[in-house]
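Student: Here you go, one structure.
The values are calculated or read from the model by the stated rules, or taken from the named source; none is laboratory data. What you are looking at is a predicted structure, and each value in this text was computed from that prediction instead of being measured. Virtual Cβ from ideal backbone geometry, glycine too; neighbours counted across all protein chains shown.
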Amino acid sequence: QKEVEQNSGPLSVPEGAIASLNCTYSDRVSQSFFWYRQYSGKSPELIMSIYSNGDKEDGRFTAQLNKASQYVSLLIRDSQPSDSATYLCAVNIAGGSYIPTFGRGTSLIVHP
Amino acid sequence: GAVVSQHPSWVICKSGTSVKIECRSLDFQATTMFWYRQFPKQSLMLMATSNEGSKATYEQGVEKDKFLINHASLTLSTLTVTSAHPEDSSFYICSAITILAGANTDTQYFGPGTRLTVL
C-alpha cells in the first residue's frame with residue numbers, strides 16, 4: 001500500500017524566514033511529486049510539481065526531490081503571513097492508471 | 001494551468017432530499033475525475049474515481065447507492081447525494097487530471113469545492 005507521510009504540524013515560522021516542509025513516501029516506483037496549498041475553507045491549489053532528483057525553483061518556492069531516500073520537500077523563502085495554509089504532498093506513478101496518493105498535510109503558520 | 005469548476009459553490013437542503021453537484025473541466029478534456037470529501041480540520045478523503053463512459057470506482061466504505069456519480073462527457077462529472085442527512089454535511093471537492101505541455105505525467109487540478117449543509 002502506498003503511503004505518503006507528512007508531519008501535521010503546525011510549523012510556525014516568523015515572517016521573512018525559510019519554511020521547510022517535508023514529505024516521505026513508501027512506494028519506490030513513484031515518479032511524480034506535487035505540492036498543493038490549501039487555505040482554510042478552500043480547495044487545494046497546485047504549487048509545484050517535480051519529477052527528477054534535485055531542486056526545482058519557482059519564485060519563492062523550491063521543491064527538492066531525493067528518490068534514493070524517498071523524500072520530497074518544499075522550501076518557502078521569505079515566508080509571508082499569506083503563506084499560512086496547509087501544504088499537501090502528493091505522489092503518483094507515471095504511466096498506467098493514475099492513482100493519487102496524498103499526505104495528510106502540514107499546517108504552516110507564518111507569524112508577523 | 002487547467003481550470004476546473006464546480007456548481008453550486010454551496011447548498012443548503014433539507015434532510016431526505018437529493019443534491020446534485022457538477023464538476024466541469026473548462027479548458028481540457030478529462031477522462032478521469034475524482035470526488036473528495038473533507039470534514040472540518042480533517043484531511044482530504046477520496047470518495048470515488050469517475051471515468052468517462054463507465055461506472056465510477058468507489059473507495060472502501062463509500063456507499064455507491066448514496067453517492068451517485070455520472071461522467072457522461074469528457075468535461076462533466078456529477079455527484080448526487082441521495083437522501084441526504086445531516087452527517088453528509090461536508091465540503092465536497094472534485095478534481096480532474098490532465099497532462100500539461102512540458103509535463104511527463106498526469107497532474108491533478110481541483111475545483112473550488114461545494115459546501116453542503118443538510119438541515
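Student: So A:S40 passes all but one of these: (1) over 14 Å from the mean Cα position of the chain (by Cα); (2) away from every other protein chain (no Cβ under 14 Å). Which condition number does it fail?
Tutor: (2)
Student: So, one more: Any idea how many residues of the range B:63-119 are surrounded by fewer than 19 Cβ atoms within 10 Å (Cβ to Cβ), more than 14 Å from chain A (Cβ to nearest Cβ) and in contact (Cβ under 8 Å) with a residue 60 or more places away in the chain?
Tutor: Result for the range B:63-119: 6.
Student: Among the candidates B:S43, B:S50, B:S54, which residue alone is under 21 Å from B:A96 (Cβ atoms), crowded, with 19+ Cβ neighbours inside 10 Å and modelled with pLDDT under 95?
Tutor: B:S50
Student: Which residues, taken from the range A:43-84, are within 14 Å of chain B (Cβ to nearest Cβ) and of a type in the set (D, E)?
Tutor: Correct list: A:E45, A:D58.
Student: As an exercise: evaluate A:G16 against (1) outside any strand (DSSP E or B); (2) modelled with pLDDT under 95 and give the number of the one condition it does not meet.
Tutor: Among (1) outside any strand (DSSP E or B); (2) modelled with pLDDT under 95, the lone unmet condition for A:G16 is (2).
To keep it simple, each residue is scored yes or no on (1) in contact with an Asp or Glu (Cβ under 6 Å, 6 or more places away or on another chain); (2) of a type outside the set (K, R); (3) closer than 26 Å to A:L108 by Cα.
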position: B:E22; (1), (2), (3): no, yes, no
position: B:Q38; (1), (2), (3): no, yes, yes
position: B:S43; (1), (2), (3): no, yes, yes
position: B:H71; (1), (2), (3): yes, yes, no
position: B:T78; (1), (2), (3): yes, yes, no
position: B:A84; (1), (2), (3): no, yes, no
position: B:G102; (1), (2), (3): no, yes, no
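Student: What about A:Y39, is it out of contact with any Phe, Trp or Tyr (no Cβ under 7 Å at 6 or more places or on another chain) and at pLDDT below 95?
Tutor: In short, no.
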